[in-house]
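Participant: Provided herewith is a single structure, encoded as structure tokens, for subsequent inquiry.
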């Protein structure tokens with residue numbers, strides 16, 4: 001369903017990590033247009049891909065990397081502490097052994113077969129993140145995410161903002177947040193994975209009705 005690569009497994013799975021970094025570049029630079037200082041062309045690896053980073057990787061049946069996210073301990077430098085502390089204007093970013101930061105939640109939608117597969121890939125990434133947290137006594141995840149994804153996360157994880165939405169020269173309003181992780185979180189994610197077809201159909205129907213309601 002997903003592959004968790006812990007720091008002690010980095011060398012053993014270097015080929016898979018290389019494929020993940022190339023996929024991330026295709027999406028975050030090629031599609032999203034991010035300008036990430038210091039990375040190699042074609043390869044998204046920044047200062048927060050460290051010897052302490054944990055990766056969750058999802059692959060297609062053919063073995064291609066289709067989705068990923070990374071986890072970093074907040075007891076070490078991380079994105080909220082080093083780059084986006086000023087975004088946390090409602091409450092300070094949390095730090096502790098039981099708090100890790102989640103970042104680079106990325107999917108290559110060109111490798112999914114449709115909306116249901118797309119939804120299930122997201123679920124598999126989330127299940128991998130939650131499984132690692134539960135197994136390692138991590139009770140909270142901090143994030144910096146855009147507002148649309150923040151709204152989706154709230155359906156699964158008990159999440160609260162650390163700051164007000166903030167635009168930074170693009171169309172996305174960014175929100176720092178923290179989510180609580182527990183067994184119920186995993187159960188909700190598993191239910192969503194199992195009921196993916198129904199959830200996607202319901203969402204598609206709601207969206208189509210909303211679009212029709214705006215037609216003069």
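Participant: Taking region 163-196 as the search range and keeping residues that are within 24 Å of residue 136 (Cα to Cα) and part of a loop (DSSP other than H, G, I, E, B), which one is nearest to the chain's Cα centre (by Cα)? Quick ask: steps written out before the conclusion?
Facilitator: In the first step, residues of region 163-196 are kept if they are within 24 Å of residue 136 (Cα to Cα); the result is 176-193.
Next, from what is left, pick out any that are part of a loop (DSSP other than H, G, I, E, B): 181-182.
Numbers: 181: 14, 182: 17 Å.
Per the stated criteria, the residue is 181.
Participant: Shifting gears a bit: Among the residues in region 106-115, are any closer than 17 Å to residue 174 by Cβ and either part of a helix (DSSP H, G or I) or in contact with a strand residue (DSSP E or B) (Cβ under 9 Å, 6 or more places away or on another chain) (or both)? If you could, list the steps in order and put the result at the bottom.
Facilitator: Of the residues in region 106-115, the ones closer than 17 Å to residue 174 by Cβ are 106.
Right, trim to either part of a helix (DSSP H, G or I) or in contact with a strand residue (DSSP E or B) (Cβ under 9 Å, 6 or more places away or on another chain) (or both) and you get 106.
Yes, the conditions are met somewhere in region 106-115.
Participant: Return the residues of region 149-162 that are part of a loop (DSSP other than H, G, I, E, B) and either touching a residue at least 60 places away in the same chain (Cβ under 8 Å) or within 22 Å of residue 82 (Cα to Cα) (or both); say none if nothing qualifies.
Facilitator: Taking region 149-162 as the starting set, the residues that turn out to be part of a loop (DSSP other than H, G, I, E, B) are 154-157, 162.
Scanning region 149-162 gives a single hit, 162.
Participant: I would also like to ask the following. In the list 44, 51, 108, 98, which residue meets the criterion of being surrounded by 13 or more Cβ atoms within 10 Å (Cβ to Cβ), within 27 Å of residue 181 (Cα to Cα) and touching a helix residue (DSSP H, G or I) at 6+ places or on another chain (Cβ under 7 Å)?
Facilitator: On the way: 44 fails: within 27 Å of residue 181 (Cα to Cα); 51 fails: surrounded by 13 or more Cβ atoms within 10 Å (Cβ to Cβ); 98 fails: touching a helix residue (DSSP H, G or I) at 6+ places or on another chain (Cβ under 7 Å).
On inspection, the qualifying residue turns out to be 108.
A short reminder: the numbers here are calculations on the coordinates, not readings from a lab. Here the structure is a predicted model, which means the values were calculated and not measured. Virtual Cβ from ideal backbone geometry, glycine too; neighbours counted across all protein chains shown.
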